[in-house]
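Values quoted throughout were computed directly from the atomic coordinates according to the rules given, and no laboratory measurement underlies them. Please read these numbers as outputs of a predicted model, since none were measured by experiment. Here Cβ is always computed from backbone atoms with ideal geometry, including for glycine, and neighbour counts include all displayed protein chains.
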Amino acid sequence: MFKIKNATGGYGKTVIIRNVTLEVKAGEIVALLGRNGVGKSTVMRYATGLIPAMEGSVEIDGQPAPDASAKRAQMGLGYVPQGRYVFPRMTVTENIAVAAASNGHDHKAAVAEAMKNFPLLVSKANDLAGGLSGGQQQVLALARALAIQPKILLLDEPTEGVQPSIIDEIAGILKRINKERGISILVAEQDLDFCLSIAERAYVMEKGSIRLETDRDSLRNDKALQQELLGV
């Protein structure tokens, strides 16, 4: 469904990630874990085409991904970056409509679907996105990503700066869209509890590379590994 093969990349001449290989199968939720600074966000930016590949490749549905990030989105790759990046001077409704229209989808239908899936946004529909709380902006960013009707959704630190009640809501939303719409999800996170609540498998990064791949139960039960690689 979605593969990153032997990815090496970074910024300018500085290499941040080395020989990263991972896979998300159809209908699967996978976590990319690691301490701050190990390269998780760089993997996500590599996957979306926002930084050039020094080495390696990305596949979407078995096809080589084009270089341009916009074309990867058209192939079904959705992305919620760290820091949310909503359009602050647009309303909630406009944020969702623009995302849908940019990928050739019916913007009115996308807004209606978002309001059904994200009740938290209904009362904020005509508010400027810049006035929302951090958690509300994160939910809006997720709604915008879903408006392009992705097959695979990448989320970078979706719980950062978000209050626990909204973290629980985000977890519920992700599990629901995964089950109901079959969207595959790769989530880069430091919050182990959040990842254990939604992901079936996990890759753990250390110093720019994948240290290991593990299943949820093994990771949950290995306290020594949690302390060594995640500091929890």
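When Rg is the radius of gyration of the Cα atoms in segment 27-121 and Rh is its Kirkwood radius, what does Rg/Rh come to?
When Rh is taken as the Kirkwood radius, the ratio is 1.00.
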(request) Using the structure shown, list the pairs from LYS179/LYS223; LYS13/LYS124; LYS3/LYS179; LYS5/LYS116 with a Cα-Cα distance above 32 Å, or answer none. (result) LYS13/LYS124; LYS5/LYS116
(request) Using a Förster distance of 41 angstrom, determine the FRET efficiency expected from the C-beta separation of GLU228 and ALA125, and round it to 0.05. (result) 0.35
(request) Give the Rg/Rh ratio for segment 103-146, taking Rg as the radius of gyration of the Cα atoms and Rh as the Kirkwood radius, to two decimals. (result) 0.95
(request) Given the options VAL187, VAL122, VAL80, state which has the largest fluctuation in a GNM of the chain using a 10 Å cut-off (strictly under) for Cα springs. (result) VAL122
(request) Treating cross-link reach as a plain straight distance, find the aspartates and glutamates whose alpha-carbon is under 19 Å from the alpha-carbon of LYS207, omitting any fewer than eight places away in the same chain. (result) GLU55, ASP156, GLU157, GLU189, ASP191, GLU228
(message) Just to be sure I understand, if you calculate semi-axes √(5λ) of the Cα gyration tensor in Å for this structure, which of (i) 28, 21, 16; (ii) 34, 28, 14; (iii) 37, 21, 14 do you get?
(response) (i)
(request) Would you mind checking segment 149-179 for residues with the amide N under 14 Å from a putative spin-label position 7 Å along Cα→C-beta of SER197? (result) 158-176
(message) Quick check for me: using +1 on Lys/Arg Cβ and -1 on Asp/Glu Cβ, what's the dipole size of the chain about its Cα centre, in debye to the nearest 20?
(response) 380 debye
(message) Counting only helical runs of four or more DSSP H residues, what would the 222 nm mean residue ellipticity of the chain come to if each run contributes -39,500 (n - 2.57) and the total is spread over all its residues?
(response) -10500 deg cm²/dmol
(request) Under 1.5 on a/c is rounded, so check that first for segment 102-181, then, if it is not, pick prolate when a/b is larger than b/c and oblate when it is not; a ≥ b ≥ c are the square roots of the alpha carbon gyration tensor eigenvalues. (result) oblate
